[in-house]
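K.L.:
Take this structure first; my questions come after.
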Amino acid sequence: MPVDTVKTTMQVTGKFSNVVNKVKVEGIPALYHGSLASASATFVGHYPWFFTYNFLSEKIPEQDEPLKELGRRAILGFCSSAVSDTCSNSIRVVKVYKQSSPEAISYPQVVRNVIQESGVSGLMFRGLETKILSNGLQGILFSVMWKHFEKVLFPQKRIRSTKKQCNLFSGRDA
């Protein structure tokens, strides 16, 4: 968490001295400001990602052509990341504000400040476009590569979509 706090503060303010000053005043715990929001955003983002991925996996049929299957996996990854980011964005906005604040500030005060500065839309959507783009590309890469390596490394675990599967115990077709 301290590395994330330093990175976030420097991205927002552009100054490492802000982190140093905050630690001088508040001690090492200042490096952990935003930890609860960070953990919460991760938790809130995981369920929608896997729900979306699994839902779309069932609704969008697997493709026989390799290029079309790559496209399918890319769509699954991008959409899953977009839904996840949308669900967790407001918590991440709070995390960034709390981490980059020059002094200690409570979570309720952070929410009030963000709403006062940017309105509810600022709380919900600040930075979301960039987040969806960057995490969407990451989701595409993850989904495509994950399934590719899963197929290569564990070919025996691949479930076939045909109804005729080999019965491993009797040596005959099911």
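The values are calculated or read from the model by the stated rules, or taken from the named source; none is laboratory data. Quick caveat: nothing in here was measured; it's all calculated off a predicted structure. Don't worry about glycine lacking a Cβ; one is built from the backbone with ideal geometry, like all the others, and counts go over all protein chains shown.
K.L.:
What is the number of the single condition among (1) closer than 27 Å to S17 by Cβ; (2) surrounded by fewer than 14 Cβ atoms within 10 Å (Cβ to Cβ) that V110 does not meet?
P.N.:
Condition (2) is where V110 drops out.
K.L.:
If you scan segment 17-74, which residues turn out to be over 23 Å from T86 (Cβ atoms) and polar (S, T, N, Q)?
P.N.:
Passing the criteria: S17, N18, N21, Q63.
K.L.:
Criterion first (surrounded by 12 or more Cβ atoms within 10 Å (Cβ to Cβ), free of Cβ contacts under 8 Å to residues at least 40 places away in the same chain and more than 20 Å from S90 (Cβ to Cβ)) does M124 satisfy it?
P.N.:
no
K.L.:
Kindly state which helices (runs of 4 or more DSSP H) lie completely within segment 1-118 and contain at least 3 residues that are touching a strand residue (DSSP E or B) at 6+ places or on another chain (Cβ under 7 Å) and within 30 Å of H148 (Cβ to Cβ).
P.N.:
none
K.L.:
Please go through segment 62-104 and give me each residue that is surrounded by fewer than 17 Cβ atoms within 10 Å (Cβ to Cβ) and within 20 Å of M1 (Cβ to Cβ), ordered by number.
P.N.:
Once the filter is applied, which keeps residues that are surrounded by fewer than 17 Cβ atoms within 10 Å (Cβ to Cβ) and within 20 Å of M1 (Cβ to Cβ), segment 62-104 yields P102, E103, A104.
K.L.:
Just name the residue that is surrounded by the fewest Cβ atoms within 10 Å (Cβ to Cβ) out of those in segment 1-33 that are more than 12 Å from A104 (Cβ to Cβ) and of a type in the set (K, R).
P.N.:
Among residues in segment 1-33 that are more than 12 Å from A104 (Cβ to Cβ) and of a type in the set (K, R), the one surrounded by the fewest Cβ atoms within 10 Å (Cβ to Cβ) is K24.
K.L.:
If I filter segment 61-71 for residues that are touching a Phe, Trp or Tyr at 6+ places or on another chain (Cβ under 7 Å), closer than 21 Å to S134 by Cα and at pLDDT below 95, do I get at least one hit?
P.N.:
No, every residue in segment 61-71 fails to be touching a Phe, Trp or Tyr at 6+ places or on another chain (Cβ under 7 Å), closer than 21 Å to S134 by Cα and at pLDDT below 95.
K.L.:
Of all residues being of a type in the set (S, T, Y) and modelled with pLDDT of 85 or more in segment 127-168, which is nearest to I91 (Cα to Cα)? Just the residue, please.
P.N.:
Taking the candidates together, the pick is T130.
K.L.:
May I pose another question? Would it be correct to say that N135 is closer than 30 Å to I28 by Cα and assigned to a helix (DSSP H, G or I)?
P.N.:
no
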